[in-house]
Structure formats: structure tokens, C-alpha cells
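S.K.: Here's a structure for you.
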Amino acid sequence: MDIKTGFFYLFSLVLLFAAFKVITARSPVHAALYLVLAFFQAAAIWVLLKAEFLAIALVLVYVGAVMVLFLFVVMMLDINTDSLRQGFWKHFPLAATVGALIAVEMALVLMGGFRLADEPKSTVAIAGQVANTKELGKLMYTQYLYPLEIAAVLLLVAIIAAIALTLRERKDSKYVDPSMQVRVKARDRMEVIKMDATQKAQPLADAAADSAEGSAQASTQGGKA
């Protein structure tokens, strides 16, 4: 057994362990962390299969974006796990039956579905000369251009729908209509009005006399003290 096969078995064992802990962990946060570990091990297996683009995409998209967002949402929601465990043993027989059926189908496909009559030719030399990322980009933007554009439009519609569904008008928030701001004119922004003064202005001589009298009274009271 060479070192590549040893790494494959190592990554596969860790992947199976992480996948098992995802469905058996009691805490949703721990389950999300084990799922991140499973994604990393799957990316490592992709690297061993010389599919570097798929490995980087798996790490950047699922681990770097989706799982981090999911982890923060789970931590902020503070989910009550006791309510989630209710009815587990009630639905366990159906879940076990579906799981066993999927396992049998995967075993049939892996054992006999892709078995070829002729021995496939070695593609190691060809794979070393061709960049799989470049070839994948050519296929996506030539042969699969329309499916790519349809998927992009569907994702855009999903983003707009998610924003529209989660948009709520709060009563305590202040809202300004941009159209009213554009239509406003300069004379509507400020209005100058005339009104009577609350106290009539005194002449300068009277004001100086009042201030001198006030200072004299203050000094007299200070001398008595």
C-alpha cells in the first residue's frame, strides 16, 4: 500500500466518523462543527483524485460561507434540542428502512454499476498535461452555458424572494421616502416667520446701570458676611 492509498483510507475514516457524529451529536453547534470537519475530509479526497477545483470550491462555498452562516444562525437562535428529540423513536423504523435502502442502492452501483468490460487506459500522463480547472471552465461556458445561466437566474430569484419574505416593517423604525426627498424644493426646507420677542431689548445705558447695581449689592452682602 502506497502513501496515497494510506491517506485515502485515513481521510475516509475521519469522514465517516464526522458524518456519524453529525447525526448523533446532542448539540446542534457540535453537529455543525463535525459537518465542517466532514467537508474538509471530502475536499482532501478530491485533492487526492486530482480534482483541485472541486476541493477548493467545496472549502470556499460550503465551509467558508454556508456552514459558517449556519453555525452563527444556530448559535444565535438558541434552539431547544429537547423539543427536537421528541418523536425520535417513533420515526426511527421508517428512517432506518430508508437508510438501508439507500445503502443497498449505493453498494449495487459501486460494486457493479460502473464496472467496465475493458481495462481503462491510463490517464495519468494526460491529467498531468491538462489543467482540469481550465477544461471545466471551457465546458461550463461553451457546452453548458445555458444551464449555467438558468442556475444563476434561479439563484438570483431565490435571493430576491428571501429578502422579500424576511422584510418586515418595524413600528419603531424611522422611514424616509426617497421620492419625497427628490421632489422637495429649497423653499420647502426652511420657512422664515416673524414673531414678537419674549422680552423687550433694554437700552445700553439702562443695562449698564442694572449691572453696576447688581455688583454693588453683591459686594455689600459679602462684607456683611
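S.K.: Scan the stretch 165-187 and tell me whether some residue there is open to solvent by 100 Å² or more (accessible area, probe 1.4 Å), aromatic (F, W, Y) and either at pLDDT below 65 or within 30 Å of A51 (Cβ to Cβ) (or both). Break it down stepwise before answering.
M.R.: Our first condition is that a residue be open to solvent by 100 Å² or more (accessible area, probe 1.4 Å); within the stretch 165-187, this holds for 165-172, 174-175, 180-183, 185, 187.
With the extra rule that they be aromatic (F, W, Y), the set shrinks to 175.
If we keep only those that are either at pLDDT below 65 or within 30 Å of A51 (Cβ to Cβ) (or both) too, we end up with none.
No, the stretch 165-187 has no match at all.
S.K.: Are there any helices (runs of 4 or more DSSP H) wholly within the stretch 69-130 with 2 or more residues that are at pLDDT 65 or above and open to solvent by less than 70 Å² (accessible area, probe 1.4 Å), and if so which?
M.R.: Numbers: elements: 81-84, 88-108, 124-129.
Counting at least 2 such residues, we get 88-108.
S.K.: One residue is enough: does the stretch 29-51 have a residue meeting the conditions among the small types (G, A, S), open to solvent by 40 Å² or more (accessible area, probe 1.4 Å) and modelled with pLDDT of 85 or more?
M.R.: Initially, the stretch 29-51 is screened for residues among the small types (G, A, S), giving 31-32, 38, 42-44, 51.
Filter once more, keeping what is open to solvent by 40 Å² or more (accessible area, probe 1.4 Å): none.
Checked against the condition, which is being among the small types (G, A, S), open to solvent by 40 Å² or more (accessible area, probe 1.4 Å) and modelled with pLDDT of 85 or more, the stretch 29-51 yields no hits at all.
S.K.: So, in the stretch 5-18, of the ones that are open to solvent by less than 50 Å² (accessible area, probe 1.4 Å) and of a type outside the set (S, T, Y), which residue ends up farthest from the chain's Cα centre (by Cα)?
M.R.: Checked the stretch 5-18; the qualifying residue farthest from the chain's Cα centre (by Cα) is G6.
S.K.: Here is a list of conditions, (1) open to solvent by 100 Å² or more (accessible area, probe 1.4 Å); (2) modelled with pLDDT of 65 or more, and T133 meets all of them except one; can you say which number that is?
M.R.: With respect to (1) open to solvent by 100 Å² or more (accessible area, probe 1.4 Å); (2) modelled with pLDDT of 65 or more, T133 is out only on (1).
The values are calculated or read from the model by the stated rules, or taken from the named source; none is laboratory data. This is a predicted model, so every value here is computed, not measured. A quick note on method: Cβ atoms are made from the backbone with ideal geometry, for glycine too, and the neighbour counts reach across all protein chains shown. Surface accessibility is based on the protein's heavy atoms, side chains included, excluding ligands, DNA and RNA. Shrake-Rupley method; radii C 1.70, N 1.55, O 1.52, S 1.80 Å.
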